[in-house]
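Below: the structure, in structure tokens.
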Amino acid sequence: ELDPGHAVANLELGYERYGLGEYSGAAEAFERAAKADGRYGMLENLVDALRTGRNVESAYEAVQAYRRGILAQSRGEYAAAADWLRRAVAADPRLADAHTSLVFVLIVQRRLEEAGRALDGYFTIADPPVPGAFGLKAVLHIARGELDAAQRCVEQARTLDEAYGRQFGPVFDALLRDRDYEKTVAAMDALKAGGVDLYPLMHDYVRELLH
């Protein structure tokens with residue numbers, strides 16, 4: 001019997017059921033995958049679509065494009081990642097992870113104006129926005145040297161989600177409050193050890209500001 005807590009197995013089962021047209025079973029499997037592993041939270045809209053029968057194909061297309069985008073991003077193929085993530089956003093504008101991942105990639109590419117437009121587009125439809133969107137907005141302000149505005153964005157993220165503040169607060173506090181390069185890098189290293197690598201996103205900006 002399938003372990004209900006095994007995220008990858010449930011993900012694959014969801015794809016199998018989807019391929020067979022068994023939407024109810026696919027929704028249940030995808031929901032178990034998302035509950036077992038927060039990285040599969042992007043399945044939420046697809047689960048909803050499968051249960052309501054509305055926009056199923058576009059929701060599925062968005063998830064597939066998103067996953068391809070994240071894979072390309074993990075390989076450092078940022079142009080391809082941006083293309084896939086744009087497709088995900090177009091297929092399902094409600095898919096917050098696609099929006100924030102696209103902004104992440106655009107900031108890494110130093111396409112700051114485009115990243116700002118993409119983030120503004122997300123904020124116009126998000127109700128409520130995810131805290132990570134305010135974190136990315138803070139990084140955009142940091143890249144422009146707008147540190148007070150960056151701090152306000154960090155506080156908005158903390159207000160939305162205390163857990164986000166506990167996870168990312170040490171990086172932003174070391175950078176924006178303490179203006180301490182070594183502390184900032186140490187906090188980034190701690191995040192990286194836990195699987196969250198902010199180096200491609202913001203290390204260049206941290207170095208420019210504090211060195």
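The values are calculated or read from the model by the stated rules, or taken from the named source; none is laboratory data. Values in this document were obtained by computation on a predicted structure and should not be read as measured data. Don't worry about glycine lacking a Cβ; one is built from the backbone with ideal geometry, like all the others, and counts go over all protein chains shown. These area figures cover heavy atoms from the full protein model, side chains too; ligands, DNA and RNA do not enter into them. Shrake-Rupley method; radii C 1.70, N 1.55, O 1.52, S 1.80 Å.
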Could you tell me which of the residues GLY53, GLY21, GLY38 is within 23 Å of LEU85 (Cβ to Cβ) and surrounded by fewer than 17 Cβ atoms within 10 Å (Cβ to Cβ)?
GLY38
Pairs with Cβ under 8 Å, 6+ apart, first in the stretch 131-142 and under 17 Å from GLN167 (Cβ atoms), second outside any helix (DSSP H, G or I):
PRO131/ASP161; ALA133/ALA126
Just checking, which of LEU43, LEU106, LEU20 is aliphatic (A, V, I, L, M) and more than 17 Å from the chain's Cα centre (by Cα)?
LEU20
Among the residues of the stretch 31-49, is there at least one that is outside any helix (DSSP H, G or I) and of a type in the set (S, T, N, Q)?
no
Residue under question is TYR15, and the condition is that it be in a helix (DSSP H, G or I), closer than 22 Å to VAL103 by Cα, among the aromatic types (Phe, Trp, Tyr) and without any contact (Cβ under 8 Å) to a residue 40 or more places away in the chain; does it hold?
no
Could you list all residues from the stretch 109-132 that are in a helix (DSSP H, G or I), within 25 Å of ASP204 (Cα to Cα) and open to solvent by 20 Å² or more (accessible area, probe 1.4 Å)?
LEU112, GLU113, GLU114, ARG117, ALA118, ASP120, PRO131, GLY132
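Is it the case that ALA80 is open to solvent by 10 Å² or more (accessible area, probe 1.4 Å), touching a Gly at 6+ places or on another chain (Cβ under 9 Å) and either of a type outside the set (Asp, Glu) or farther than 21 Å from ILE125 by Cβ (or both)?
Yes; evaluated as a whole, the condition is true for this residue.
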For the stretch 101-119, give me each residue that is in contact (Cβ under 8 Å) with a residue 40 or more places away in the chain and closer than 28 Å to GLU57 by Cβ.
PHE104
Filter the stretch 56-77 for residues that are closer than 21 Å to VAL8 by Cα, of a type in the set (S, T, N, Q) and either surrounded by fewer than 20 Cβ atoms within 10 Å (Cβ to Cβ) or out of contact with any helix residue (DSSP H, G or I) (no Cβ under 8 Å at 6 or more places or on another chain) (or both) and give the result.
GLN64, SER74
Output yes when any residue across the stretch 92-100 is more than 29 Å from VAL56 (Cβ to Cβ), over 12 Å from the mean Cα position of the chain (by Cα), modelled with pLDDT of 95 or more and open to solvent by less than 40 Å² (accessible area, probe 1.4 Å), and no when none is.
no
Checking the condition surrounded by 16 or more Cβ atoms within 10 Å (Cβ to Cβ) and over 18 Å from LEU209 (Cβ atoms), which residue from LEU106, LEU136, LEU175 passes?
LEU106
